[in-house]
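Novice: Mind looking over this structure? Questions follow.
The values are calculated or read from the model by the stated rules, or taken from the named source; none is laboratory data. Just so you know, these numbers come straight off a predicted model, no measurement behind them. A quick note on method: Cβ atoms are made from the backbone with ideal geometry, for glycine too, and the neighbour counts reach across all protein chains shown. Side chains are part of the model used for accessible areas, which takes the heavy atoms of the whole protein and leaves out ligands, DNA and RNA. Shrake-Rupley method; radii C 1.70, N 1.55, O 1.52, S 1.80 Å.
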Amino acid sequence: MGEDAGAGNLPPGFRFFPSDEELVRHFLRRKASMLPCHPDIIPTLDLLHFDPWDLHCKALKGGKYWYFFSHRTENRATPNGYWKQVGVDEFVKDVGMKKTLVFYVGDASGGMKTNWIMHEYCLLDSEASSSSRSNGRKLSRKKGQAKAGDANYRWVVCRVCESGHSVQPCSQDEAMELSCLDEIFLSFDDYDEVSLPE
């Protein structure tokens, strides 16, 4: 994928700028439930195979952030380093949790801290269980296939950036701006109600 991987699925002029709640409620919950997500623009990557500076070719770029789905894992080692959690988990409304991680180059015994930050979002266990139960019929156990409650079906959505860029919460003016998803869904309503001038 190119620099703006996945952005080709959005209409011209739209940008991908979801809130924490939108990432969890709209994207992650649907991914964990194996339901279609429109627009389907966030790719799935194996975190263990990519250093953060390699994401520009693989993950969805939205502004200064890169987004991707991955399987939930305690091992966050990459080819040249590892992600280490800092701070405490934060609640995302009533549906998920957000972890903040920093990337270190080298091994765990003597890694060097970088300016790469990742927010990893996961569903609350109650949400993950209900997502798995709702799809129990779709995930019938076949030869070599895991059942819905197995760890293989625990998804996270990640947002990565360099801290040299501002990672502070958006200003009040930006918070009042509609997110990309809000604009898309509102535009569908407008399109149905208004005829185009000839």
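Novice: Taking the Cα centre as origin and putting +1 on Lys and Arg beta-carbons and -1 on Asp and Glu beta-carbons, what dipole magnitude results for segment 42-120, to the nearest 20 debye?
Specialist: Charge dipole of segment 42-120: 220 debye, to the nearest 20.
Novice: So, how do all the Cα-to-Cα distances of segment 38-101 break down into 5 Å bins, in percent, from 0 on up?
Specialist: Per 5 Å bin, starting at 0, the Cα pair percentages come out as 4, 15, 21, 26, 22, 10, 3, 0.
Novice: Are any of the pairs LYS31/LYS93; LYS31/LYS84; LYS31/LYS113; LYS58/LYS93 more than 22 Å apart by Cα-Cα distance, and if so, which?
Specialist: Exceeds cut-off: LYS31/LYS84; LYS31/LYS113; LYS58/LYS93.
Novice: Residues of segment 5-119: accessible area per residue at 1.4 Å, in Å²?
Specialist: Using a 1.4 Å probe on heavy atoms only, each residue of segment 5-119 averages 49 Å².
Novice: With a ≥ b ≥ c the root eigenvalues of the C-alpha gyration tensor of segment 76-120, is it rounded (a/c under 1.5), prolate (a/b larger than b/c) or oblate?
Specialist: Judged from the Cα gyration tensor, segment 76-120 comes out prolate (a/c at least 1.5, a/b above b/c).
Novice: If packing is taken as the average count of other Cβ atoms within 10 Å, what order do 80-90, 103-113, 49-59 fall into, highest mean first?
Specialist: 49-59, 80-90, 103-113
Novice: Here is a follow-up. Please give the peptides 15-22, 156-163 ranked by average Cβ packing (other Cβ atoms within 10 Å per residue), highest first, as a rough proxy for protection.
Specialist: Per-residue Cβ counts within 10 Å, averaged per peptide and sorted highest first, yield 156-163, 15-22.
Novice: Set the Förster radius R0 to 35 Å, insert the Cβ-Cβ distance between ASP94 and SER163 as r into 1/(1 + (r/R0)^6), and round the FRET efficiency to 0.05.
Specialist: That gives a FRET efficiency of 0.75.
Novice: Let me ask you something else. Using 0.36 nm per residue of separation minus the Cα-Cα distance, give me the extension gain between ARG30 and ALA108 in nm, one decimal.
Specialist: 24.7 nm
Novice: At a probe size of 1.4 Å, how large is the accessible area of THR44, to the nearest 10 Å²?
Specialist: Its accessible surface works out to 70 Å², give or take rounding.
Novice: Give me the distance in nm between label points sitting 7 Å out from Cα along the Cα-to-Cβ direction at ASP54 and GLU22, one decimal.
Specialist: 3.0
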